[in-house]
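Enquirer: Let me begin by handing over the structure; questions about it come next.
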Amino acid sequence: SALVLHEGTLARVSVSSGEILESVAHATPDEHAECFGIGLSSDRVFPRDAIGFVCGAAAGPTVIYQLERPLALREVMRFATPRVVVESGQGAIVVRGPCNDAEPPKGARPFCVRFADGSTREVRVRGDVGAERVVALRDKRVVILVPPRAGAQGQISILEGQTSKHIVLK
């Protein structure tokens, strides 16, 4: 079966027949938001059960929900504005923007990292912003990858606690 969140209704659907096996209406308060599924874990959820949804509407809030068994959703993050949310694997995600709704600082691009245990960390990328890819690792390190481009070297930065390691890519 597969889980689908559409117009506020959470449904478990048979993959082979398309039949709705069970559903919960009004699983989310905003029935007009577009939602897509992601791998999302926490300290209470095993990675194999890491199911979540990112919901948002044009110019509206971004809300991240986690599946609560058997068929319910729990809000785990909310941002007042639209955000880009990217999976990192093992139930971790990276959200473009700060971990709160404050105005982002000038000269840096913030990212809110949510690790598989549910904890968060904000990282800020400076320099050639826009080309970077931020990834949360299982061991709570954060990798920032800036690929090499025409006329510019790339770099891998590995953040662990308050320390960082940088490797130049040619």
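Enquirer: Picking from Val76, Val63, Val123, which residue would you name as being part of a strand (DSSP E or B), open to solvent by less than 70 Å² (accessible area, probe 1.4 Å) and over 30 Å from Val13 (Cα atoms)?
Expert: Unique residue meeting the criteria: Val123.
Enquirer: Let me ask something else. Can you confirm whether the stretch 95-107 contains a residue that is touching a strand residue (DSSP E or B) at 6+ places or on another chain (Cβ under 9 Å), in contact (Cβ under 8 Å) with a residue 12 or more places away in the chain, open to solvent by less than 40 Å² (accessible area, probe 1.4 Å) and more than 26 Å from Thr9 (Cα to Cα)?
Expert: yes
Enquirer: Of all the residues that make up the stretch 134-170, how many are touching a residue at least 40 places away in the same chain (Cβ under 8 Å) and either part of a loop (DSSP other than H, G, I, E, B) or open to solvent by 70 Å² or more (accessible area, probe 1.4 Å) (or both)?
Expert: Counting residues in the stretch 134-170 that are touching a residue at least 40 places away in the same chain (Cβ under 8 Å) and either part of a loop (DSSP other than H, G, I, E, B) or open to solvent by 70 Å² or more (accessible area, probe 1.4 Å) (or both) gives 2.
Enquirer: Now, a different point. Have a look at Arg149, Arg124 and point out the one that is in contact with a strand residue (DSSP E or B) (Cβ under 8 Å, 6 or more places away or on another chain) and at negative phi.
Expert: It is Arg124.
Enquirer: Output the residues belonging to the stretch 7-39 that are assigned to a loop (DSSP other than H, G, I, E, B) and open to solvent by less than 70 Å² (accessible area, probe 1.4 Å).
Expert: Selection gives Gly8, Ser14, Gly18, Ala25, Ala27, Thr28, Asp30, Glu31, Ala33, Gly39.
Enquirer: Next up: Here are some residues: Glu87, Glu103, Glu75. Which one is of a type in the set (D, E, K, R) and farther than 25 Å from Ile51 by Cβ?
Expert: Sole residue among the options that is of a type in the set (D, E, K, R) and farther than 25 Å from Ile51 by Cβ: Glu103.
Enquirer: Output the residues belonging to the stretch 79-109 that are among the charged types (D, E, K, R) and more than 11 Å from the chain's Cα centre (by Cα).
Expert: If the condition is that a residue be among the charged types (D, E, K, R) and more than 11 Å from the chain's Cα centre (by Cα), then Asp101, Glu103, Lys106, Arg109 are the ones that fit.
Enquirer: Within the group Gly89, Gly52, Gly56, Gly118, which residue is open to solvent by less than 50 Å² (accessible area, probe 1.4 Å), closer than 26 Å to Val4 by Cβ and in contact with an Asp or Glu (Cβ under 6 Å, 6 or more places away or on another chain)?
Expert: Gly118
Enquirer: Cβ-Cβ distance below 7 Å, separation of 6 or more or different chains: which pairs start in the stretch 12-40 with a residue that is more than 16 Å from Glu68 (Cβ to Cβ) and end on one that is among the charged types (D, E, K, R) and open to solvent by less than 30 Å² (accessible area, probe 1.4 Å)?
Expert: Cβ pairs passing all conditions: none.
The values are calculated or read from the model by the stated rules, or taken from the named source; none is laboratory data. Just so it is clear, the structure is predicted and the values come from calculations on it, not from any experiment. Please note: Cβ atoms are built from the backbone with ideal geometry, for glycine as well, and neighbour counts cover all protein chains shown. Just the protein is used for accessible areas: all its heavy atoms, side chains included, with ligands, DNA and RNA removed. Shrake-Rupley method; radii C 1.70, N 1.55, O 1.52, S 1.80 Å.
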